[in-house]
1. What is the P(r) of the stretch 113-183, as percent of Cα-Cα pairs per 10 Å bin from 0?
2. How high is the FRET efficiency from F76 to L32, r the C-beta distance, R0 35 Å, rounded to 0.05?
3. Please compute the length gained on full extension between L188 and D100, using 0.36 nm multiplied by the number of residues separating them and subtracting their Cα-Cα distance.
4. Under a crude label model (7 Å from the Cα following the beta-carbon direction), how far is R219 from V84 in nanometres?
5. Filter the GluC sites (Glu not before Pro) in the stretch 105-194 to those in DSSP coil with at most 13 other Cβ atoms within 10 Å of their Cβ, and list the result.
6. Equivalent ellipsoid semi-axes for the stretch 82-125, as square roots of 5 times the alpha carbon gyration tensor eigenvalues: give them largest first, rounded to whole Å.
7. Once neighbouring chains are kept in place and the probe is 1.4 Å, which whole percent of the accessible area of the stretch 156-236 is contributed by carbon and sulfur?
8. Where Rh denotes the Kirkwood radius from the mean inverse Cα pair distance, what is Rg over Rh for the stretch 133-250?
Amino acid sequence: MSDLRARLDRLSRSPGERRDPAPLPPSLADRLARLRTRSAEINARRPTDGELAQRLGGTVLAPALLAVERSFPLPFAHGATRVVGAVELAEGARRSLRDDAELDAEGMLFLDTETSGLAGGTGTTAFVLGLAMVRDDVLTVRQLLMTGFGGERPLLEQLAAALQTHNCLVTFNGKSFDLPLLRARARLAGVECPDAALRHLDLLHVTRRRLREGWPDCRLRTAEEHALGYARTDDFPGAEVPAAWQRWLQRGDAAPLPRILDHNREDLLSLAGLLAVLAHPTAREAPLLHATRGPAAPSPLPA
């Protein structure tokens, strides 16, 4: 104890230059002020909802929620596949569901999402909800885009309203990904998701069962190539979508958003193309369907 007192006494009486104290870390107030400045700079560069809607050719539905619509009169071509009309789409769905229940194309709702993460989970949100429906021989694609988290509840309310007016949902891997995610987000937002009464046609499972033969995998891009004869050009990679959404939120970078909507729209058109193939599949498009039929009878020669 006496040694410690002696050392402290010597230190207190040591001659010589004392070091300046180390600078204190920035105060919390300073850091918050810098963050507010940075946020203000980002918001000054970020387009408003109205400006972004104009750029995308859409409308503002609610704060932080935009809607973009495109119409595709039937028939239309998607790759080498011709989507002829509503009757054909209904027939493709009926054959895929493998039951005799009545099905009308106008009762079908095509659905696809773009999300903030590919793994799912409670923290993942669908910031793009793509819906497509048939009315009067026109396929209308309606895309809802959140520009901030305040748009999630109105987006889910739009989904709930659409589900109430249709009786069959058409997705690709929707049973495992899109629907569980949307249900979870709806519960958190306090929005009822009335999907329980809908029939759900997940074309991933139908494609595995009826179309896939020698394909490397059963992703939608692979189905497009092998079943639809369709190859995308300048497509925005799905794996990059979450990072692009984060850049929009953090830096106001809107450049990727039009391409993300294009990517989502192509997904929805491919769902209609797959139904067209499944309505009247050829041996090339559906080798599994034709594998047990034996050789076709030779066509008669023209007279």
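The values are calculated or read from the model by the stated rules, or taken from the named source; none is laboratory data. Computed from a predicted structure; not experimentally measured. With ideal geometry, Cβ positions are generated from the backbone for all residues, glycine too; neighbour counts draw on all protein chains shown. Heavy atoms of the whole protein, side chains included, go into the accessibility calculation; ligands, DNA and RNA do not. Shrake-Rupley method; radii C 1.70, N 1.55, O 1.52, S 1.80 Å.
1. 17, 54, 25, 3
2. 0.05
3. That pair, L188 and D100, stretches by 28.0 nm at full extension.
4. 3.3 nm
5. Details: sites: E106, E114, E152, E157, E192; in loops: E192.
In loop regions of the stretch 105-194 (DSSP not H, G, I, E or B), the sparsely surrounded GluC sites (Glu not before Pro) are E192.
6. Working: eigenvalues 190, 34, 16 Å².
Square roots of five times the eigenvalues give 31, 13, 9 Å.
7. Details: 1760 of 3800 Å².
That share works out to 46 percent.
8. Working: Rg = 16.5 Å, Rh = 16.7 Å.
We get a ratio of 0.99 for the stretch 133-250.
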